[in-house]
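Undergrad: Mind having a look at this structure? Questions to follow.
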Amino acid sequence: MILSKRLNTKIIFHFMGLLLLCNGGFMILSAVISGLYRDGATMEISFAGMTTVLLGILLMYTTKNHKKEIKKREGYMIVTFGWVFMTLSGMLPYLFTGAIPSVTNAFFETMSGYTTTGASILNDIEVLPKGILFWRSTTHWIGGMGIIVLAIAILPLLGIGGMQLFAAEAPGPSADKLHPRITDTAKRLWFIYVGYTVAEILLLKIAGMDLFDAMNHAMATLSTGGFSTKNASLAYWNDNPFIQYIVIFFMFVAGANFVLSYFAFKGKVQKIINDYEFRFYGLLVVCVTIVAALVIYFKANVPISEYHPMVLGEWESAFRHALFQVVSVITTTGFVTADFTSWTPFLTIVFFGLMFVGGSAGSTAGGVKVVRHLLMIKNGILEFKRTLHPSAIIPVRYNGKTVPENIIYNILGFFIIYMLLFITGAVVLGFLGLDFESAIGGSASSLGNIGPALGSLHPLTNFDSLPILGKWWCSFLMLLGRLELFTVLILFSPFFWKRT
């Protein structure tokens with residue numbers, strides 16, 4: 001027997017209205033930017049924003065008498081459908097202005113924005129109106145900390161709690177709480193997020209980037225998104241290492257657990273130093289960067305940047321390009337300074353492997369997440385001890401605490417499903433006509449929310465060459481990856497809909 005009679009559908013649609021209202025507000029802000037730059041798209045973006053706001057108000061009004069209770073099923077449905085509703089409404093500025101006239105392409109670009117994937121179908125970004133470029137970056141920024149976490153910050157207005165939503169949407173295998181009230185947690189995370197964004201804008205402006213580009217790149221960096229205002233991405237500023245090092249720093253910060261940033265601001269530095277995940281994350285970046293820099297210097301042909309006081313020669317250039325691309329791929333940001341697939345087959349394989357690492361739990365990054373890899377490695381090593389001592393109870397410990405078995409099973413299940421989806425994604429793309437390298441690259445990139453891929457989808461090109469079905473399939477993979485598989489896949493399970 002299905003669950004339809006017990007499902008609180010009014011609260012679900014009430015949240016859809018709330019999300020549309022917020023989305024429309026950000027569109028109107030983009031229209032203001034469009035008006036300031038007189039790019040000729042102000043009316044169309046304004047109309048898209050007002051349409052979205054009115055739809056949101058209508059949904060909220062017709063469902064105002066909802067039961068103020070969210071259970072797990074409603075939570076999962078609100079999260080998944082929320083992303084779909086936001087994407088469908090987020091297409092409107094592209095469609096109304098004619099910047100992206102195709103529904104398929106507009107949906108792909110918008111889903112790529114909200115899921116902070118950064119894959120694009122646009123062949124010439126720089127000809128777009130400023131308002132559209134700003135909206136494009138805004139979709140990243142909204143999706144960075146999570147559309148639903150943003151909604152949780154204003155849930156007190158509705159008189160309901162949001163723990164179920166936070167558990168379903170928050171990145172990583174668990175949602176660290178900074179405060180007993182989940183709404184206060186969301187607010188603290190957003191204050192940190194906004195603070196970092198403003199700081200990066202100021203630093204990029206000081207380093208020589210104009211204000212508009214600084215705003216767009218800061219939003220894309222902190223969200224680990226990767227949309228740029230330039231066709232060449234960050235390679236446009238290869239002659240300005242200051243800009244690239246600033247972006248590297250904030251990509252690294254965005255790929256780390258935001259809870260650690262909270263501890264840093266509270267002066268609890270020891271908590272950061274003792275965190276296994278952060279130490280492994282930092283060590284991985286350092287080790288892979290050294291290897292990549294050495295290969296680039298001795299084997300790859302990476303030109304030295306034009307003269308700049310900070311450029312020290314070939315070593316600096318090799319180190320900077322290596323560090324930038326390593327951090328960009330691990331954090332699933334997707335900015336590029338060069339085509340890393342041209343840096344010898346060895347480095348192509350290394351970067352392909354990094355696509356499955358992901359950032360830290362509690363960050364805006366996608367991918368499997370470092371903590372899952374750590375716990376799988378720890379559990380795998382302990383299996384040797386368990387084999388030798390079958391009667392012994394040998395738990396997995398993390399940050400000095402015992403990890404419950406159900407968490408280990410959940411992580412192992414997640415990884416297995418992730419790899420199955422990656423293989424399935426590649427098979428589908430291969431069936432649609434992509435060559436082997438492009439198929440596996442496109443699947444890994446979409447599922448991991450990375451952006452640049454391999455083959456015909458390499459960092460210096462885009463996803464426009466995909467067939468129509470390929471774009472819809474990659475959009476679905478992006479959604480699965482951003483919501484960490486289970487949140488979406490559980491809706492396809494008969495167990496979810498059965499009365500319990």
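Undergrad: How many residues, within the stretch 321-337, are open to solvent by 10 Å² or more (accessible area, probe 1.4 Å) and not in a loop (DSSP other than H, G, I, E, B)?
TA: 1
Undergrad: Go through the stretch 391-500 and tell me which helices (runs of 4 or more DSSP H), entirely inside it, have 3 or more residues that are open to solvent by 50 Å² or more (accessible area, probe 1.4 Å).
TA: It comes to 405-431, 468-482, 494-497.
Undergrad: Continuing with this model, one more query. Just the residues that are free of Cβ contacts under 8 Å to residues at least 12 places away in the same chain and of a type outside the set (Ser, Thr, Tyr), please, taken from the stretch 233-271.
TA: Hits for the stretch 233-271 are Phe249, Phe263, Ala264, Lys266, Gly267, Lys268, Val269, Gln270, Lys271.
Undergrad: Would you please list the contacts, defined by Cβ atoms under 7 Å and residues six or more apart or on different chains, that run from a residue in the stretch 174-193 that is in a helix (DSSP H, G or I) to a residue that is at pLDDT 65 or above and open to solvent by 20 Å² or more (accessible area, probe 1.4 Å)?
TA: Arg188/Tyr262; Ile192/Tyr262
Undergrad: Within the stretch 1-32, track down each residue that is more than 22 Å from Gly146 (Cβ to Cβ) and surrounded by fewer than 23 Cβ atoms within 10 Å (Cβ to Cβ).
TA: Met1, Ile2, Leu3, Ser4, Lys5, Arg6, Leu7, Thr9, Lys10, Val32
Undergrad: To continue, here is another question. Looking only at the stretch 102-117, how many residues end up being without any contact (Cβ under 8 Å) to a residue 60 or more places away in the chain, over 16 Å from Phe134 (Cβ atoms) and either in contact with a Cys (Cβ under 8 Å, 6 or more places away or on another chain) or part of a helix (DSSP H, G or I) (or both)?
TA: 2
Undergrad: Can you list residue pairs whose Cβ atoms sit under 9 Å apart, with the first residue in the stretch 409-435 being without any contact (Cβ under 8 Å) to a residue 24 or more places away in the chain and the second being β-branched (Val, Ile, Thr) and in a helix (DSSP H, G or I)? Count only pairs 6 or more apart in sequence or on different chains.
TA: Close Cβ pairs (under 9 Å, with a partner that is β-branched (Val, Ile, Thr) and in a helix (DSSP H, G or I)) amount to Ile423/Ile440; Ala426/Ile440; Gly430/Ile440.
Undergrad: Same structure, new question: With the requirement that a residue be open to solvent by less than 20 Å² (accessible area, probe 1.4 Å) and within 25 Å of Gly362 (Cα to Cα), what does the stretch 194-213 give you?
TA: Result: Thr197, Glu200.
Undergrad: A follow-up question, please. Which of the numbered conditions does Ile121 fail, given that it passes all the others? Conditions: (1) within 25 Å of the chain's Cα centre (by Cα); (2) within 24 Å of Leu489 (Cα to Cα); (3) buried (at least 18 other Cβ atoms within 10 Å of the Cβ); (4) of a type in the set (A, V, I, L, M, F, W, C).
TA: Among (1) within 25 Å of the chain's Cα centre (by Cα); (2) within 24 Å of Leu489 (Cα to Cα); (3) buried (at least 18 other Cβ atoms within 10 Å of the Cβ); (4) of a type in the set (A, V, I, L, M, F, W, C), the lone unmet condition for Ile121 is (2).
Undergrad: Return the residues of the stretch 62-107 that are of a type in the set (Phe, Trp, Tyr) and either under 21 Å from Glu484 (Cβ atoms) or open to solvent by 10 Å² or more (accessible area, probe 1.4 Å) (or both); say none if nothing qualifies.
TA: The answer is Tyr76, Phe81, Trp83, Phe85, Phe96, Phe107.
Undergrad: Still on this model: Of everything in the stretch 243-301, what is buried (at least 23 other Cβ atoms within 10 Å of the Cβ) and more than 23 Å from the chain's Cα centre (by Cα)? Give them in sequence order.
TA: Ala292, Ile296, listed by residue number.
To keep it simple, each residue is scored yes or no on (1) touching a helix residue (DSSP H, G or I) at 6+ places or on another chain (Cβ under 7 Å); (2) modelled with pLDDT under 90; (3) not aliphatic (A, V, I, L, M).
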site: Ala207; (1), (2), (3): yes, no, no
site: Ser223; (1), (2), (3): yes, no, yes
site: Asp239; (1), (2), (3): no, yes, yes
site: Gln244; (1), (2), (3): yes, no, yes
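The values are calculated or read from the model by the stated rules, or taken from the named source; none is laboratory data. What you see is a predicted model; the values in this text were computed from it and never measured. Cβ coordinates were reconstructed from backbone atoms using ideal geometry, including for glycine residues, and neighbour counts include every protein chain displayed. Note: accessible area is taken over every heavy atom of the protein model, side chains too, but ligands, DNA and RNA are not part of it. Shrake-Rupley method; radii C 1.70, N 1.55, O 1.52, S 1.80 Å.
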